[in-house]
Each structure stands twice: as C-alpha cells, then as structure tokens.
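The values are calculated or read from the model by the stated rules, or taken from the named source; none is laboratory data. What you are looking at is a predicted structure, and each value in this text was computed from that prediction instead of being measured. All Cβ positions, glycine included, derive from the backbone under ideal geometry; neighbour counts span all protein chains shown. The accessibility values were calculated without ligands, DNA or RNA, using every heavy atom of the protein model including side chains. Shrake-Rupley method; radii C 1.70, N 1.55, O 1.52, S 1.80 Å.
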Amino acid sequence: MGEGKIHIRRGPELEMARQSGHMAAEILRLTAAMIRPGVTTLEVEEVAVALMKERNCRSAFYQYRKFPGHICISLNDEVVHGIASASRTIQSGDIVKIDIGIVRNGWVGDNAMTVPVGDVDPATLHLLWATEESLHVGIAYAREGKRLGDLCSAIERTVRGFRYAVVEEFVGHGVGRKLHEPPQIPNHGTPGDGPKLRAGMILAIEPMVNLGTKRVEILSDNWTVKTLDRKPSAHFEHTVLVTKGDPEILTPRARLFTAVPSRPTEGANVES
Ligand code: MG
C-alpha cells in the first residue's frame, strides 16, 4: 500500500485542484439529474460531454489506457468501467453508476455516484446507502497524522458491519496532475498500516461494494467489471484534500439519502 511518493499540494496548486473538483462535481450532479427510464447510456454520456465542452474541460478517462468512453456508466451488476452504448436503455428499477473525471487547466477532479432509477428494490437501496456511508466514514480519516490503513480499514469495517462485500481488485488513488497518482487506496486494510497522511495530499476515495459475493470478472470488452453472482454493486467516490483539521471534499454534493432506508433482509451475504 502507498508505493511511490505521495505529492503534497500547496497554495495555488490547491486552488486549481479545488476548481477542478468543484467542476467535476457540478458535471456529475447535472448528468445524474437527466437519468430516467427510457434514456440510453450513450445519451447520458453525451450530456456529460456537452457539459464538459461548455466548461472548457475534458474527460480524464477518454483514451486513458485506451478506454473508449468519456465517462464510466455501469448498471446494476456492473461494478465499474462500463462503456456507454446506444443499445443500452435505462429502465425503472435500475441502479446507474456514473463516474466522471475531468481535467481542467492540467488538474484532475474525479467523482462517482450511484443513481437509483424509479422503483428500486429496498435491499438495493440499502446497499447504496451503506456504500455512501462507508465513503464518508473513510473520508473522516483523511487528516494529517492518520495512517492510510486507518482510512482503508474504516471503510472495510463499515461495509462488513452491514454484511456487504468490498471489491478488492479495484482501488481508490491519489489524484492531482494525473488521474492515478500514488498512493493506491484499497477499500480494505489494517489500522496503523501504510504511509502517514499529511496536509496537502489529495485522495480519490471510492468504495465499490457488492450485495453478494466480493468476486468480480471483466467482460470481453476488456473494461466492464461485473459481479460474479450478478447481484448488484454500488460505487461512490469523492476527491478529498487531507488537512490538519476536517477533511475537505473537493467534489462536494448532497448525499443521496436524507434518512437511512429500511433493510428488508439481514445478512444476505455469507462470503465476507
Ligand atoms: Mg477514481
């Protein structure tokens, strides 16, 4: 964990990162707002691209390791890295993961959320709530003097407490001038492990949480990640600045739920 030097950003660099983060958050919010039954995932991406053009920024994902899309859009049992398609129509009951990373004046902002569409079953809604909750529990550890393992293990502990499963193959990351900078930020770990966090570090924290098995597979498009048992998966992400006091979320948005959704079945997951 935490291989490679972690950048410390200062002064004007922080302001650039903040502006990129706020722009990424605004584009995510406006894109999420147009998701409804009958819209194709390509139409969602087109809206995001138009919003980027209007703001003179560009996708941080397009052509990154040859990724063909401008955003990641992943439905239901797709975990992350889904590719928009004209033949994929969103329906009531779907959950739609949108991951938007932008580059503005050389600085990256990266954030993601899961949008429930129409009539989503209560077990899935609870998964979404728990995943966003685990993100915010993790963010609370983004303080000078904490260890990276404190943050990672807090996310894992929260997810396991709800008897859901953390995806281990994909991780959060440092972010700044590049989309992926050190350190890697797994959603599991050991308290006290890893590098000490310092004010000025910028972290993209992004729990990916499965209702059933933690196991995933990559589809033949070489990008889309799916749960092995085809049960739903949720994903929430913020770009966060470590400070000496309260962490600063550089991609601010309102939380998805204002109250905890009720959970119909307890302990569905036996594997984690
Ligand atoms: Mg990310």
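Among the listed residues 158, 124, 131, which satisfies the condition of being within 16 Å of the ligand (Cβ to nearest atom), over 23 Å from residue 198 (Cβ atoms) and surrounded by 20 or more Cβ atoms within 10 Å (Cβ to Cβ)? It would help to see each step written out before you state the result.
Details: 158 fails: within 16 Å of the ligand (Cβ to nearest atom); 124 fails: within 16 Å of the ligand (Cβ to nearest atom).
Unique residue meeting the criteria: 131.
Determine if segment 19-38 includes at least one residue that is surrounded by 18 or more Cβ atoms within 10 Å (Cβ to Cβ), in contact (Cβ under 8 Å) with a residue 40 or more places away in the chain and under 19 Å from residue 198 (Cα atoms).
No: zero hits.
Please go through segment 219-241 and pick out each residue that is within 16 Å of the ligand (Cβ to nearest atom) and crowded, with 23+ Cβ neighbours inside 10 Å.
Selection gives 233, 234, 235, 236, 237, 238, 239, 240.
Go through segment 189-216 and give me each residue that's in contact with a strand residue (DSSP E or B) (Cβ under 6 Å, 6 or more places away or on another chain) and over 18 Å from residue 173 (Cα atoms).
Listed by number, the residues that qualify are 192, 210, 214, 216.
From 98, 73, which residue is within 20 Å of residue 167 (Cα to Cα), buried (at least 22 other Cβ atoms within 10 Å of the Cβ), under 12 Å from the mean Cα position of the chain (by Cα) and touching a residue at least 40 places away in the same chain (Cβ under 8 Å)?
The conditions single out 98.
Collect the residues in segment 190-210 that are in a loop (DSSP other than H, G, I, E, B) and crowded, with 24+ Cβ neighbours inside 10 Å, keeping them in residue-number order.
197, 201, 206, 207
Report whether or not residue 171 is within 17 Å of the chain's Cα centre (by Cα), open to solvent by less than 60 Å² (accessible area, probe 1.4 Å) and touching a residue at least 60 places away in the same chain (Cβ under 8 Å).
So residue 171 fails the test.
Against the definition (touching a Lys or Arg at 6+ places or on another chain (Cβ under 8 Å) and modelled with pLDDT of 95 or more), how does residue 246 come out, yes or no?
Yes: the conditions hold for residue 246.
Going by the structure shown, is residue 169 assigned to a loop (DSSP other than H, G, I, E, B), among the acidic types (Asp, Glu) and within 16 Å of the ligand (Cβ to nearest atom)?
So residue 169 passes the test.
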